Amino acid sequence: MNNFTFYAPTKVVFGKNSECNVGMLCKDFGASKILIHFGGGSVEKSGLLNRIKKSLDGVCIPYVQLGGVVPNPRLSLVREGMALCKKENVDFILAVGGGSVIDSAKAIGYGVTNDFDVWDIFEKKNSPKNCLPIGVVLTLAASGSEMSNSAVITNEDGWKKRGSNSDFCRPKFAIMNPELTMTLPKFQTMCGSTDILMHTMERYFTSNGNMQLTDGIAESLMRTVISNTRILLKNPNDYDARAEIMWAGSLSHNDLTGLGNGGNDFATHRLEHELSGMFDVAHGAGLSALWGTWARYVYKDCLARFKKFAIEVWGVKNSGTDEEIALKGIEATEDFYREINMPTNLRELGVKPTDEQITELAKKCAIATGGKVGNAKVLYEEDMRNIYEAAR
Ligand code: NZQ
Ligand code: ZN
């Protein structure tokens, strides 16, 4: 078992009607002027935004609002939010939405509290020293941003999508009512499950060791996401399935499923971030479009884990060579993606990059990762290019 630090300071309030607590929670965390931040309209349509305003009115906390966050959230809106917060003396940001809204809120929080340009944080030119406190009302189980230390922002200047990790941005609280996710289009629900699975898979495929308890939690989480996604495919309004997946989403990216295993591959994620930065695809769909190609490219370097994954997660029989078993696990994963209508290559994703664009994707990914990424197998720019190429 490797050494680790576990830090998960977010207060989670989970279940039906939990959003009614939002006013009190903001008060408990010292908010005196709030920015309510949200996306392109789903929270207005569902009536959630009005319920939240009522709750804030109930505790007499004033607020301003800024909607318009798009998937793959943009730096320009972050700058708009920063200006609004400064003008209005906002001291707390309430993100109401999915990962894009939460990440945009985190970036605004960084921008307001650090005395250098916010994009420097995402370019790794400067480290954040603070962030405005963030509260979350989650409407989409996927990114895990409600408990994670990450924010991912796209700069329209060059269409660069970059992430930043620091504990300063971990939300103070996350309100999770599974019922709020029932209005999601089926595609977004399936993208969410794909992303949740992947956050644990990124930690599971490690060449650095293992920890029995962590593996058990990780395997159980993956099986739970798979079986409950199948339920949602048929019945999107199944509360218990929504709840299982929502909680899995948070645990899958709050570090729990990788503790002590020396993991953190995240190559598929880093390859995907360039795709969604350049082609504006949904993050979960970008991940499934790349994963199978990545897996076949690296599995021989991480055979023991791929074998364990096949047996423990997909129920592949422990017979035949290790390679045969590992490949059956990869096939089972791709079959599952097809079953839930997720793409398994770039064509199915609707992206047809030219040779020049493949080169650009690999170059951007290499720059963003400092030249190399991966733990199951370390990938360099040429490997990144090979994977994009083979995923076409
Ligand atoms: O904008 P609205 O109208 O709200 O519509 C959104 C959006 O179009 C819709 N939606 C959300 N909740 C809904 C709903 N529609 C109906 N009913 C609801 N209850 O869903 C669409 C997608 O939303 P988005 O927030 O973009 O999705 P997701 O939560 O998957 O977040 C994706 C972003 O998170 C980043 C991704 O790269 C991507 O930019 N990630 C962030 C991470 C983190 N901070 O820790 C980790 C992840 O690996 C990921 O990279
Ligand atoms: Zn992700």
Open item on the list: Taking the criterion of being in contact with a Lys or Arg (Cβ under 7 Å, 6 or more places away or on another chain) and either assigned to a strand (DSSP E or B) or at pLDDT 95 or above (or both), would at least one residue in segment 73-83 satisfy it?
Closed with: no
Task: Count - residues of segment 255-282 that are over 19 Å from VAL152 (Cβ atoms) and either among the basic types (Lys, Arg) or part of a helix (DSSP H, G or I) (or both) - done: 2
- [ ] Considering every residue within segment 179-187, establish whether at least one is on the phi < 0 side of the Ramachandran plot, surrounded by fewer than 18 Cβ atoms within 10 Å (Cβ to Cβ), among the hydrophobic types (A, V, I, L, M, F, W, C) and over 13 Å from the mean Cα position of the chain (by Cα).
- [x] yes
Task: Selected residue (criterion: nearest to ALA31 (Cα to Cα)) from residues of segment 75-89 that are surrounded by 20 or more Cβ atoms within 10 Å (Cβ to Cβ) and touching a residue at least 60 places away in the same chain (Cβ under 8 Å) - done: VAL78
TODO: Say whether the condition of being within 30 Å of LYS234 (Cα to Cα) and either of a type in the set (A, V, I, L, M, F, W, C) or surrounded by 15 or more Cβ atoms within 10 Å (Cβ to Cβ) (or both) is met by at least one residue in segment 372-389.
DONE: no
Task: Meets criteria (in contact with a strand residue (DSSP E or B) (Cβ under 6 Å, 6 or more places away or on another chain) and crowded, with 21+ Cβ neighbours inside 10 Å) for VAL137 - done: yes
TODO: Enumerate the pairs (first residue in segment 130-159 and outside the structural domain of ASP103 (by TED's automatic domain parsing); second residue anywhere and more than 12 Å from ligand 2 (Cβ to nearest atom) and small (Gly, Ala, Ser)) with beta-carbon separation below 6 Å, excluding pairs fewer than 6 apart on the same chain, so at least 6 apart or on different chains.
DONE: none
Task: Among residues of segment 125-158, those that are within 15 Å of ligand 2 (Cβ to nearest atom) and in a loop (DSSP other than H, G, I, E, B), counted - done: 10
Open item on the list: Among the numbered criteria (1) part of a helix (DSSP H, G or I); (2) surrounded by fewer than 24 Cβ atoms within 10 Å (Cβ to Cβ); (3) of a type outside the set (A, V, I, L, M), which one does LYS106 miss?
Closed with: (2)
- [ ] Answer with yes or no whether VAL12 is touching a residue at least 24 places away in the same chain (Cβ under 8 Å) and not in a loop (DSSP other than H, G, I, E, B).
- [x] yes
Open item on the list: With the requirement that a residue be farther than 19 Å from PRO343 by Cβ and either touching a strand residue (DSSP E or B) at 6+ places or on another chain (Cβ under 7 Å) or assigned to a helix (DSSP H, G or I) (or both), what does segment 179-209 give you?
Closed with: GLU179, LEU180, THR181, MET182, THR183, THR200, ARG203, TYR204
- [ ] Please give the helices (runs of 4 or more DSSP H) falling wholly within segment 283-362 in which 2 or more residues are in the same structural domain as VAL378 (by TED's automatic domain parsing) and among the aromatic types (Phe, Trp, Tyr).
- [x] 283-298, 303-314, 322-339
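The values are calculated or read from the model by the stated rules, or taken from the named source; none is laboratory data. Since we're looking at a predicted model, the values are computed, not measured. Cβ sites come from the backbone with ideal geometry, for glycine too, and all protein chains shown count toward neighbours.
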